[in-house]
Each structure stands twice: as C-alpha cells, then as structure tokens.
Amino acid sequence: MGHRNLRLLLRLLVFFILALNILSAADFDPYRVLGVSRTASQADIKKAYKKLAREWHPDKNKNPGAEDKFIQVSKAYEILSSEEKRTNYDRYGDMGENQGYSQQQHHHHFRHFHDSFYFDESFFHFPFNSERRDSTDEKYLLQFSHYINEVVPDSFRKPYLIKITSDWCFSCIHIEPVWKEVVQELEGLGVGIGVVHAGYERRLAHHLGAHSTPSILGVINGKISFFHNAVLRENLRHFVESLLPGNLVDKITDKNYVRFLSNWKQENKPHVLLFDQMPPVPLIYKLTAFAYKDYLSFGYVDLGQREAEQMSSQYNINMYAPTMLVFKEHIHKPADVVQARGMKKQVIDDFISTNKFLLAARLTNQKLFQELCPVRKSHRQRKFCVVLLTGEGELFRKTYESFLAFASANTKDTLRFVHVYKERQGELASSLLGEDIHSAQSSVSILERRNSAGRIVYKTLAPIWTGSEDNKFSLLDFLDRLRKDPSVLSSETNLSDLNDELAPMFFLRWIYTAVDYWSDAWESVLHNNWREMMPLLSLIFSALFILFGTVIVQAFSDSGDEQNSVPSDKEEPGDKDKSSEANYSKESTRVPRKGFVEVTELTDVNYMSNLVKLRPGHMNVVLILSNSTKASLLQRFAQEVYMFTGSSSLHFSFLNLEKHREWMEYLLEFAQDAAPIAYQYDEHFLERDYTGYVLALNGHKKYFCLFKAQSTLEDEKLLDEAEHCSPGGGGCDTLRKISLGSGSGHIKKKLNKLSLWMERLLEGSLQRFYIPSWPMLD
C-alpha cells in the first residue's frame, strides 16, 4: 500500500512538472517577441532583431526590465534564425533541437523537460529558476549602470558588502543563512548591501573581478576588496570593519579631551563625543564617523576606565546609557546632547545632521559655501547668509567673539552666520567690499544666492563692525526689515568659486596617491585572482626574456667576432685575401627569407567553411582592410603573425570593409566593453574607419576577440583638425578622409602591438564577446 501511494505521488509530481514546463514554453512566442509574422523571411527577422537589440541593449536602455527583454529578443532570434529550430517550433512548439514528436511522444516529454535546462546562465529557462532566487536577494540585485552611477559614488559615504552568486551554485545555498543574518544586522547599522547574479550580469561580475561563485567583496571609496575567510557572522563583521579607515575615531581620556575639543578652530568642524562602557568602539559609531567625516570630528570615551572620571563628572554623564555630545565653538558646554539605551541609526543620523556646522563657521571652500548658503528655491525656502569679513590674529578676536555671541542669540532657520578671512578669500571680499577691502577694519554683509552660477544679491552695512551695542542694534534692525522686504538687498554681483583653504599641498597629495597605489598593488599580488594578473605577468616575463636573450646573443656574437679577427700565424697574406673574398661572396649572396603566410579573403562563398562550421578548437584571425590599404596592411599583417603560423588551429583571412561594412558593424555592437565604438547611425556612418582591426573568431563557441587599430600622433592631429573644421570649408571633406586613414601614410603602424595581442590570444587571457549566432555575410 505504501509503495502504491509513493508511485502515485511520483506520477503526480512528474505530471505537475511537465504541465508547468509546457505552460512556461507556451508563454514564449519568438514571433511575438520579434514582432514578425510566421511567414517572415530571414531578412525580415534579422532586421527586426537588430532594431530590437539596439532598443533594449542594457548599455543604452536604463529601464529595469531592459536586460530581461534583451535576453528574450536574443533567444527569439536564436530560434528563428535557425531553420531547423524554427521548423521544430512551428510544428511542435519546441525551442530545442528535438524532432519526431509524433513518433516518440512518450520519450519526448522527458527530453523536452531536460532540454529546458540551458546551462548557459544568461538564457536559463528552468521553470523554477525565478522561484529559486531568494526573495531577500531580489531587492539587492545590482546592474552595471546602477553600480557605476549609484553604488560607487555612495561608497564614499558608506561601505558596501556585495555577494556574487549564480544558479546551480550549491555553495551559495550553503552560506545563505549566514548571509541573511549578516545582511539584517549590517544594513541596520548603515552598511550598503548588493547582490550580483553572475549569469545575468556578466559584465558587472567581470568588472568586479569575480571569477567564481560564491564570492563576497567590499567596496569603499570606489575601491574593491575581496573577502577571503570562512563565511561566518563574526568574520564578515570584522571584514566590514577592516574596510573603514583606522583614524576615524580618536580615543579620548581626561588627558587629551581639551586638546581634542579645541581643534574646532583649525579644522572648522564641530566635535562629537560618545560616552559608553564598551571597550571597543561600536561599529555603528565608526560607520557614522565615516559618513560624516567631512563635517565633524569624532571621539570615543570608554566609561569603564578611570581616566574618564573627570569628563563624566564635568559633563554630568549617565553611566548606564550611551550618551552623545556635540561641541561647537564652546568646549566647556555641549551644544546638543542625545542619550538612549541602544543607539539606533536613525536617532544618530537625525542628531548629527542637525549639528553638522558651527554656529559661525568659516567659509573655507566652495562646497561649504553652497551648503551653508543654498540657492533660493522658493520664497518659503529663503536662506540669508550674514557674513563677517575680518582678518586673522589676536587683533580681531574680540570682533569675532561679539559676532559669535550675536549669532548664538539669533538662531533662526532663515539665517546662517559665517565669517571669512579677507586675506584668504580675496575675490569674495573684493566683490562685497569693493574699494574698502584694504581697510584694516571688519565688516558685515548679508547676501542671498540666486543661482548656482554665482549670482548673488547682497548688502554691506555702512558702519564698521566692532562688536559694539550700536553695531548689534543696526544689524538686528536690518534683519527685521529684510524679513519683511527682501528687496533691501539692493546690490548684485557674480562670485567666482572660493579657494579651498584646507586642501593638502601637491606634495602631500602625491604621497597619498602613491601610498594608495602601492597598497592596491600589494592587495592584488596577495589576494586577487591570478587570471587578472596574467597579462601583467606575461608582459614582465616577455620583457625579461627579450632582455636576457639579447644579452646572451650579443655576448656570443662578440666572442665570435674576436675569434674571427685574430689571424693565424701560419696564414699567408694571399690566403687572407682569398678568405676575405670568399666571406664577402657568401654574405652578398645570402638573401633574407621572408615568412610566407597564407591569408585568404573571407567571402560569402567560403564563409560557412572558414567560420560558421569551423572545427572545435580552431580560430580564424581576420584582418579588416579596404582596397586602398590592402597591400600595405597585408604585408605588415604577415610579418606580425608569422611566428604564430606553426599552430594548426589558427587560420588567417582578411575581410574587405567596403563590401561587408554592415557585418562588421553588427559584430562591434557586442564589443562595447573593449573600445568606445559608436553604435548609433550618424551622418558619417559610412566614413568610420575600421581598417587595421583584427578579429579572432571562434565559430564553434560563437565568440570573438577584438584588436583595435593603433592610432598614431599624426592621425590624432588630423582627426582633431577635421573635427574643428568649419562645415563650409572647401578642404573639410578632404581633411576628414585623410584623418580617417585613407591617405595618411601610416597604415602599417595600425598593426603595432599585434604580435603581443596574438600572444595573449594563445594564452586565453583576452576578453571574449559572445554573440547569439553568426550573421550572414551578404
């Protein structure tokens, strides 16, 4: 009874799976996807595919569903471009290569189910594939454009933890529980999370350097670091913490807190202190310090140490709950306080964002000026900046303190108080003060920014600011009139960008850049995948081989010349003359043999045998040329590839660009990563010069590698002159043709470094561009 129930259950399960598979196959109609009729010709199908491929290519279409649509279009073209697959689909609705449905119905059900397993993950159509993806990963899926435009800029404010996964990755399933737990914890602390599906986002996975799944990496400040330890919660947490710079949070005690808080003047930032009883600095506090590192300085006080008793007593700190204090211009009294058991990210962000600036901050760069004095967006969002233009030193200290006291007593949302050192921001001071800039006295101006281009309206108060009570009453009266009538700002001018006073010197910037470069290189040598290092290692070993080979050959040739130069004592003068004449005759009759390379033209006659039906493991290296460049390019091509003709798996051909330009343009659409090749039609479409390009075509696996022609300095100058040529000029068209390579005289230089490219081709380290099917060579 039990066996009978089990067999019945298995039959129901198989029937359910087959039904789902048939329904999923029925939903996919390649004719409907391409928008053609069932009687459409191959030319119509090809034309429709090219149009839809350009429209839905992920590099051009930024819609979220563009990639899935592009995959459907490619799969539909793969079916309809093959007469055999198209016939199967028309007869049986089968997208595979099975035949004879009517003859072998029973076996075909199982074969049809098996053929839906496309192990190429870009076209994976297993019915349950969409269900296999974890729902928690769906909202974190990244695309290439999203990563470049959002994740990389955002990584300068928070670190990102990214997982590389794929279908049929059993190790990915194994680490899933740990990943979920870590994501839930770290995202709440402010860490960015991302998931990349390597089968559907190959371009992004290649860009990140992930060649296996699962892989976990971190991105901070635009730099990528791989996780190399066991996937455990603590290891991942330590990995994220190791991504952060080590100098984000200072350890503060009773000995150094005064010095730390007094640095507000040099750094022009508020200072934040967190009091807690945890010996290590909490990760959430480090992440907050990294997010607001440009605005505030952060310190941590461990309440469990005796060295913090004086601060705890002075600022009346509660020992049983974390407390955060922010200090501005006054170090003995905090400007704001927040205290809570278990600090949450939202509470910390709200507290920090409302205390990002000093009460009367100094304008040190253009970015700070734009944030403190934003452009007016509407009448309800006006922001007026009260600017104190003063000097540096003890002479102006009382003037500044009186201005700071006035700012502390007038904390309205519409007013921002700032000060400027006239000597450091001379252009701003001269725009607001005019001829009075050379005065040794301080002045106050009120301004409002009208646009981001630098236009402002302002008013400089007539009395010199000394901080007296009359000055304060005059300024207060003017601000009251300004609140009622903004037109009292009667002057108008355009400001240039402010000087960056806190920018490091050139020498320091150079040192920082060098340190970052060497740290990245060391990280690459220690941890990165060796596949990424193969081109560099190949170049290094090639250079060493050439260097030592040249030295050895030179040493042997020098020793041979010395032996030949020493005459024998028994040799007579007549014999010397005869031997010299014999040597001269031998050298004069020796003709250098040039290597012969069989290069055939790729035409529609031999296209199927030389490419489409090429044996597995064989490649056809095709040179692109034109009628005018045929002789010179073929000669240089033969010289560059002669040393590789010993390989029986390589075939060499050339393609005439003037006959088959459309075929070349179609292939280059799939090579957008390799070179900035334009894919949009413009007025110079037929003038694009692809002569000197070399394609290594693998007909069996349907991919190619691309060598882009090397441009010379003369070509770049001519191209620049052609681009700046006036449209009405008589020689503009001639100059454009010359710049495109038809008569430049440097045709042979286009194949420079081709031999090095061929070495990388044989090593297998070149980037491959896959296509759904080979286009017809009309």
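The values are calculated or read from the model by the stated rules, or taken from the named source; none is laboratory data. From a predicted model like this one, the values you see are computed outputs, not experimental measurements. For neighbour counting, all protein chains shown are included, and Cβ atoms are generated from backbone atoms with ideal geometry for every residue, glycine included. Surface accessibility is based on the protein's heavy atoms, side chains included, excluding ligands, DNA and RNA. Shrake-Rupley method; radii C 1.70, N 1.55, O 1.52, S 1.80 Å.
At-a-glance table
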quantity: Contacts under 7 angstrom Cβ, first residue in the range 31-44 being in contact (Cβ under 8 Å) with a residue 40 or more places away in the chain, partner outside any loop (DSSP other than H, G, I, E, B) and among the aromatic types (Phe, Trp, Tyr), 6 or more apart; calculated: Leu34/Tyr49; Leu34/Tyr77; Arg38/Tyr31
quantity: Some residue of the range 465-483 being outside any helix (DSSP H, G or I), at pLDDT 90 or above and polar (S, T, N, Q); calculated: no
quantity: Filtered residues of the range 27-37 (kept if part of a loop (DSSP other than H, G, I, E, B) and at pLDDT 85 or above); calculated: Gly35, Val36, Ser37
quantity: Restricting the range 127-162 to residues that are more than 17 Å from the chain's Cα centre (by Cα) and not in a helix (DSSP H, G or I), the residue that is modelled with the highest pLDDT; calculated: Tyr140
quantity: Selection count where residues are open to solvent by 10 Å² or more (accessible area, probe 1.4 Å), within 50 Å of the chain's Cα centre (by Cα) and acidic (Asp, Glu), scope the range 435-472; calculated: 2
quantity: Residue selected from the range 68-78 under the condition touching a helix residue (DSSP H, G or I) at 6+ places or on another chain (Cβ under 8 Å) and of a type outside the set (Lys, Arg), by the criterion nearest to Asp29 (Cα to Cα); calculated: Ala76
quantity: Of all residues in the range 362-401 being outside any strand (DSSP E or B) and touching a His at 6+ places or on another chain (Cβ under 8 Å), the one that is surrounded by the fewest Cβ atoms within 10 Å (Cβ to Cβ); calculated: Tyr400
quantity: Checking Ile173 against (1) touching a residue at least 24 places away in the same chain (Cβ under 8 Å); (2) part of a helix (DSSP H, G or I), the condition it does not meet; calculated: (1)
quantity: Residue list for the range 149-206, restricted to those being of a type in the set (Phe, Trp, Tyr) and crowded, with 17+ Cβ neighbours inside 10 Å; calculated: Tyr160, Trp179, Tyr200
quantity: Scope the range 196-235; condition within 23 Å of Ile71 (Cα to Cα) and assigned to a strand (DSSP E or B); matching residues; calculated: Val196, His197
quantity: Residue that is most open to solvent (accessible area, probe 1.4 Å), among those in the range 314-358 that are of a type in the set (Val, Ile, Thr) and within 17 Å of Gly299 (Cβ to Cβ); calculated: Val337
quantity: Residues of the range 221-249 satisfying the condition of being open to solvent by 70 Å² or more (accessible area, probe 1.4 Å) and closer than 20 Å to Lys293 by Cβ; calculated: Lys223, Ser242, Gly246, Asn247
quantity: For Asp520: the one exception among (1) open to solvent by 60 Å² or more (accessible area, probe 1.4 Å); (2) at pLDDT 75 or above; (3) out of contact with any helix residue (DSSP H, G or I) (no Cβ under 9 Å at 6 or more places or on another chain); calculated: (2)
